[in-house]
Amino acid sequence: MGYVVLGDAILEHGPCGRESVALGAGDFVHVPPRSVHRVVNSSRGEWGS
């Protein structure tokens, strides 16, 4: 389980990361055990690109 405190992110999941969902501050996300996933920081500013 995860929680986005500040900024924006993209959660990629599924075979080869073909599925994705945009996350923002205040969002909760549940990733089942042993599932392949990647979280990408899509924010701009101090913590982003």
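Throughout, read-outs are computed from the coordinates displayed, never taken from laboratory work. Owing to the predicted nature of the structure, the values given are computational and were not obtained by experimental measurement. Here the Cβ positions follow ideal geometry from the backbone for every residue, glycine too, while neighbour counts run over all protein chains shown.
Quick check: convex hull over the Cα atoms of the chain, volume per residue in Å³, rounded to an integer?
Taking the convex hull of the Cα positions in the chain, it is 71 Å³ per residue.
Once backbone amide H atoms are built at 1.01 Å from N, Ser42 has Asp8, Ala9, Ile10 as its partners under 5 Å, excluding neighbours fewer than 5 places away on the same chain. The modelled label-to-label distance for the pair Arg18/Arg44, using points 7 Å beyond Cα in the direction of Cβ, is 3.2 nm.
Sequentially through region 37-42, phi angles give Karplus couplings (6.51, -1.76, 1.60; θ = phi - 60°) of 7, 8, 10, 10, 6, 10 Hz, Gly and Pro residues having no value and appearing as x.
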